[in-house]
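Below is one structure, written out as structure tokens; comments come after it.
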Amino acid sequence: MSVPAAWPSSPAKLTLEAWSQGCMIGALIIMIGITLANMRRGVMLHKLILIELLLAMPNGFFTFFDPPTWGWYLSSTVIFLIISWNLHNVIAWMKNKPFLSKRNNAIYIGSIILVQPYWVLEIYANFTYFNTPNTHLFSSTRPLEAVCRDPWWIFTAINLFWNIKYRYEFKPLEIIRISPRFGLLLLSMSLSIIFIIVDLLSVTPVIPIGVINPFWKFAFIFKCFTDTIVLDDFKTALDKLSRYKMEQNYPLPFSRPGSQIQNQMPRPGGDVFHDRCYRESVSVTVEHLEAGGDSIISAPTRVKGFPNAGLLGRAPP
């Protein structure tokens, strides 16, 4: 049976929780539509992003129910939410994988596996908090939630910023100018980390809001937003931006439209035509031998070029 004390104690808290749930569900629906519109068939990373979004949706409806149903519904749907959180870390690993060595990749994904026992305990603690009088366990495990959920994401964000600055040599304003989409991705990353920190402080005496707060939802929205803005891995996206930057700074003749090249080519005038004919006329003498029966016919000797001819073949005056 749901514990009345676990229910938001004031209309203001209940309104805040309902508003944050509506914000999360609305954002997830929009991101699902964007993902479906941009995903490519057969790409596993795109499918995982879609599954991540779908798994998180059921947990955003528990305020529609009254006790005791709301406690059972909340504790049941939190299982899918936790799966979505861990799937997000796997997606972050897949997007960050090209930048990591084989050893670092093993540490990254191995550490995600090592924290899974905590999530089993968290599911049980969540159930006891919202459905039994025992509230002490969840109050103890909830502050550890961000520690077991977000370090991989923070590392991914820091590693991406490092590669942008030192490997690809992009400046912040430069990458925003070249690709506003990528600038929006970096902004979403930064906002998600800010809300992660606020969520961690809100379940401690620093900001005593309580275990039910909207900040983890905002952090999750911006984390999912980064997955949706750029569906491919970060290296693929940055390589495209790097090639675009190179083409803008060092354009090749064949990379421009044919009409532009044709317009820039000089039209042959009378002087140019004369120079071409003159260069041909001052070439080295060539003896043409043709077989005419039993005799050999020699072509007339052509005039040799002047030894001191200039660059265009003309003799200096």
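Does region 123-142 contain any residue that is at positive phi, of a type outside the set (A, V, I, L, M) and either touching a Gly at 6+ places or on another chain (Cβ under 7 Å) or not in a helix (DSSP H, G or I) (or both)?
no
Just to verify a result, which residue in region 202-235, among those that are among the polar types (S, T, N, Q), assigned to a helix (DSSP H, G or I) and touching a residue at least 40 places away in the same chain (Cβ under 8 Å), is nearest to Asp150 (Cα to Cα)? Can you show your working first?
Let us first name the residues in region 202-235 that are among the polar types (S, T, N, Q), namely 202, 204, 213, 226, 228.
Subsequent filtering for residues that are assigned to a helix (DSSP H, G or I) retains 202, 226, 228.
Filter once more, keeping what is touching a residue at least 40 places away in the same chain (Cβ under 8 Å): 226, 228.
Numbers: Thr226: 14, Thr228: 18 Å.
Checking each candidate, the answer is Thr226.
What residue, of Ile164, Ile207, Ile178, is at pLDDT below 95 and touching a Lys or Arg at 6+ places or on another chain (Cβ under 7 Å)?
Of the residues listed, the single one that is at pLDDT below 95 and touching a Lys or Arg at 6+ places or on another chain (Cβ under 7 Å) is Ile178.
For region 91-106, give me each residue that is in a helix (DSSP H, G or I) and over 19 Å from Ala146 (Cα atoms).
Met94, Lys95, Asn96, Lys97, Pro98, Phe99, Lys102, Arg103, Asn104, Asn105, Ala106
Mind checking which pairs have a first residue in region 86-98 that is more than 13 Å from Met189 (Cβ to Cβ) and in contact (Cβ under 8 Å) with a residue 40 or more places away in the chain and a second that is of a type in the set (Ser, Thr, Tyr) and in a helix (DSSP H, G or I), Cβ under 9 Å, 6 or more apart or different chains?
Hits for this filter: Asn89/Tyr108; Asn89/Thr156; Trp93/Tyr108; Trp93/Thr156; Lys97/Tyr108; Pro98/Thr236.
The values are calculated or read from the model by the stated rules, or taken from the named source; none is laboratory data. Owing to the predicted nature of the structure, the values given are computational and were not obtained by experimental measurement. Cβ atoms come from the backbone with ideal geometry, glycine included; neighbour counts cover every protein chain shown.
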